[in-house]
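Written below as structure tokens is the structure these notes are about.
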Amino acid sequence: MEKMNISSAKYTKDVISDEVCSIIAVIDGLTLSVPIAEGNRHYDEIKRQVDAGTLTIEEAD
Amino acid sequence: MALTKVDTSMVESSGAFGRRNILINGDFGIYQRAQQITGIGANASTYYTADRWKMDMGGSNSGRVTMTAGTEDAPTESNVTTSLKLACTTADTSIGAGEYFILVQQIEGFNLQQFKKGTSGAKQFTVSFFVKGNGSATYVVELYDNDNGRQISKTFAVTSSWSKVELTFPADTTGAFGNDANASLNVAIWLHAGSDYTGGTLNSSAWAAQTPANRAAGISSFMSSTSNELYITAVQLEVGDTATEFEILSYPERLALCQRYFQIFKGFGTSSAVMNHHNRTTTQRYGCLNLPVSTRISPTLGYSSLSDFISFVASTSATPTAIVNQGSTGHSIEIYITTAANGTAGQAGWLRVANGGYLTLDAEL
């Protein structure tokens, strides 16, 4: 029954490896740095909303 | 004649020895996020005050509730001094079919294997707690098996005086709990629900595949009046058919159990160090925050406001323009900070939190 209001999401990269390492997301009005990790409730909800077509994650700068 | 050994036939062995309570923070005395939050009902299902206890809500609920952890009101016959208080501040007398409002603790599979659920040796579940309200009401305790979509519910009565509730649920030989760190069991206290969840017959005698209408049939609505209050404490889940006295742990033990799921770093005074870091370049800093307790899973990093942090390098300082989670081992987390040009590459420094700010790590279920 998880319910989160995700207003934005954007990948971030590790500047050393240039690999995506996390997602900066605004969830319920809070800016959060979410790991790419299944089982993390914020990542799972981002993934669920992306799969449902209701959220798009911006590419990293 | 003096006894020299314990007569094992006199020892109750159907329940658990040692750590009996599978729930965490059953007296609501740990509240790292906040002690009190108002206006709950319209917002997200999440963790507001007491650690590990989530308010789960859905539908177009117009009721609002104030949640207060660590309330110094507890039954004299109990061994605790604090409780959780819920107070309805806006009533909802027109309940939509899909509405629900639940106090729930989710338990990871690692902590549930002793129930042997899904095997021929499955054990009973006993939930106990003290509760009081402002008058008579009926609510539901539901055990919901997330791994297999099975559940069972039982009602309990509330009066204006403290009373102890003891509910024993049967064993379930169908559907094992995953032996992992994911949410396997919800211990849910249904306080308000619409006909989608109350329209059937309460499934109270045996575990069954969940039918929504049978999950909370027969409950009162906590949101029926702004007079409604609910106090609850000493919540315990244990193996077997006996509700034993609430298990008391020391404060550090209780805090550490909660920190597997949530940690907050804030100063005792006006400002405090969070971690050391070094300059990779004049604008990029890397630091490693070693954690007091290993988290359940790689955590989400949050913070109050960037302006609450100061990054010091040598004798200069800068406000971060970003604080980013670069990855976690569970025992530590690598944090990347950007600032305006400050210091030189290779210089060491530290991150300080001030202004009452905080940094959080969330690994909740």
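Bear in mind that the values in this text are calculations on the coordinates, not laboratory data. Predicted model, so just to flag it, every value in this text is computed and none were measured. Please note: Cβ atoms are built from the backbone with ideal geometry, for glycine as well, and neighbour counts cover all protein chains shown.
Our coupling estimate for segment B:29-35, obtained by passing each phi through the Karplus curve with A = 6.51, B = -1.76, C = 1.60 and θ = phi - 60°, is x, 9, 9, 5, 6, 6, 8 Hz, Gly and Pro reported as x. Per-residue mean of foreign Cβ neighbours for A:17-27 is 3 (Cβ atoms of other chains, 10 Å radius). Across the cross-link table entries B:54/B:123; B:85/B:132; A:10/A:47; A:47/B:117; B:85/B:164; B:117/B:164, which are compared at the Cα atoms, the separations over 18 Å belong to B:54/B:123; A:47/B:117; B:117/B:164. The charge dipole of segment B:262-362, taken about the Cα centre with unit charges on the Cβ atoms of Lys, Arg (+1) and Asp, Glu (-1), comes to about 80 debye, rounded to the nearest 20. Relative contact order, whole percent, for chain B stands at 17, derived from Cα pairs under 8 Å and 6 or more residues apart.
Per residue of peptide B:300-306, the mean number of Cβ atoms on other chains within 10 Å of the residue Cβ is 5.
Rounded to 0.05, the FRET efficiency of the residue B:209 and residue B:306 pair, given R0 = 60 Å and the Cβ-Cβ distance, is 0.80.
Cβ crowding within 10 Å ranks B:237, B:255 as B:255, B:237, fewest other Cβ atoms first. Give the separation of the Cα centroids, segment B:191-238 to segment B:23-93, in Å. Segment B:191-238 and segment B:23-93 have Cα centres separated by 16 Å. Modelled spin labels at residue B:248 and residue B:276, positioned 7 Å past Cα toward Cβ, are 4.1 nm from each other.
Calculated mean residue ellipticity, 222 nm, the protein assembly as shown: -1500 deg cm²/dmol, from DSSP H runs (n ≥ 4) at -39500 (n - 2.57) each, averaged per residue and rounded to 500. Neighbouring Cβ atoms from other chains, within 10 Å of the Cβ of residues in B:244-255, number 0 on average. Please list, by residue number, every one of the GluC sites (Glu not before Pro) in segment B:198-260 that is coil in DSSP and has at most 13 other beta-carbon atoms within 10 Å. Here the GluC sites (Glu not before Pro) that fit, given the DSSP loop and packing criteria, are B:245. Residues whose amide H falls under 5 Å from that of residue B:303, counting only those 5 or more places apart or on a different chain, are B:360, with hydrogens built in the peptide plane. Remark: spin-label model distance residue B:286-residue B:110 equals 2.7 nm, labels positioned 7 Å along the Cα→Cβ axis. When B:324, B:127 are arranged by Cβ crowding within 10 Å, least crowded first, meaning fewest neighbours, the order is B:324, B:127. Think of each Lys and Arg Cβ as +1 and each Asp and Glu Cβ as -1; about the Cα centre, that makes the dipole of the protein assembly as shown roughly 440 debye. Summarised as an ellipsoid, chain B has semi-axes of 41, 26, 20 Å, derived from the eigenvalues of the Cα gyration tensor scaled by 5 and square-rooted, with the largest first.
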